[in-house]
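Heads up: the structure comes next, in structure tokens.
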Amino acid sequence: MKFALSLVALASPAFAHTIFTTLWVNGVSQGALNGVRYPSYDGPVTDVTSNSIICNGDPNPLITPFSKTVIDVPAGATIQHEWHHTLTSQFGSDNADPIDPGHLGPVIVYLAKVPDATQTSVTGLGWFKIAEWGLENGCGVWGVTQLWNLKGKFPAVIPSCIPSGNYFLRAEIIALHPASTYPGAQFYMECAQINVVGGGSVSPPTVSFPGAYHGSDPGITIDIYYPPVTNYTVPGPAVFTCPGSDGSSTSSSTSTTTSTTTSSSTKSTTTSTTSTTSTTTSSTTKSTSSTTTSTTTSSASGATQTKYGQCGGQGYTGPTVCASGSTCKSSSPYYSQCL
């Protein structure tokens, strides 16, 4: 699915409106609004110094009491955070679902370890980033555009080395269409309640919310229309990777990273063949690392996929050869795209 990646300079500051509603674990939905702290209104937070920047809140009242569900997630698992325009909208029936496609910006995931994921308080926690997609260098694909391509479900990998226990999973979209001045950027985030099982013993370095973001950050106050943006720095810390890992399943402002497992004994941070017809090479370790490409070499059907179309992923049976000028890139075990 192709969307325009540049808009007129006088873009509307209208709110993008979106809500993280559902967590998926290794391809299995955990149920809409189950184990997720969600608001009654799909509006943004614009003040990075507010406690609402943590897991949402005023001016978007959270529904209470919070869910008592804590979702079990194996260490090393691939999760997907599913977004929708409203609590009742669905992809395909609402042209602004999961979010207005013109409201471009990064998609990010953080974790914070907690004694009890059903606790009310979310302040004073230490957060570490496990995934980000800013602006893909070379073809100008923003995280929000990729969210559209993935029909509202964006992947991330839970680091295999972090300790077992309860965590908040904070999924976030930053809409940058009105971000030329501060406050302007629109922050959309919700927190899921998870329990990591089978983990390791590495405690990642952390940041605080509020505190990790500043209004002066170049990834928060930025005119994405003019001059055209070619490099974008995702706000917050670098993506955490386990010691000894040569990458992660996340994609950053300057790279696309693939992470595909071919057996239960393969770590989620190990790169391998993404399908029977795609070969992947990866060297990504940080948001400034090198690009990753996955080039399709054959197709069982002989058909050619158009640029921005799907070209691979678990269960996919369509064309795997990309049209001239594009290559097949994997963003998760479940989705590859011609870019």
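The values are calculated or read from the model by the stated rules, or taken from the named source; none is laboratory data. Everything quoted here is computed from the prediction, not taken from an experiment. Don't worry about glycine lacking a Cβ; one is built from the backbone with ideal geometry, like all the others, and counts go over all protein chains shown. Quick note on the areas: whole protein, heavy atoms, side chains included, nothing else; ligands and nucleic acids left out. Shrake-Rupley method; radii C 1.70, N 1.55, O 1.52, S 1.80 Å.
Once the range 96-145 is narrowed to residues that are at positive phi and modelled with pLDDT of 95 or more, the residue that is most open to solvent (accessible area, probe 1.4 Å) is G124. Exactly one residue out of L111, L125 is within 13 Å of Y167 (Cβ to Cβ), in contact (Cβ under 8 Å) with a residue 24 or more places away in the chain and assigned to a loop (DSSP other than H, G, I, E, B): that is L125. Looking at the range 175-183, is at least one residue crowded, with 21+ Cβ neighbours inside 10 Å and farther than 19 Å from I220 by Cβ? No, the conditions are met nowhere in the range 175-183.
Can you say whether V73 is crowded, with 19+ Cβ neighbours inside 10 Å and more than 21 Å from P39 (Cα to Cα), as far as the supplied structure shows? Answer is yes for this residue. S160 meets each of the listed conditions (1) over 15 Å from the mean Cα position of the chain (by Cα); (2) open to solvent by less than 10 Å² (accessible area, probe 1.4 Å) apart from (2).
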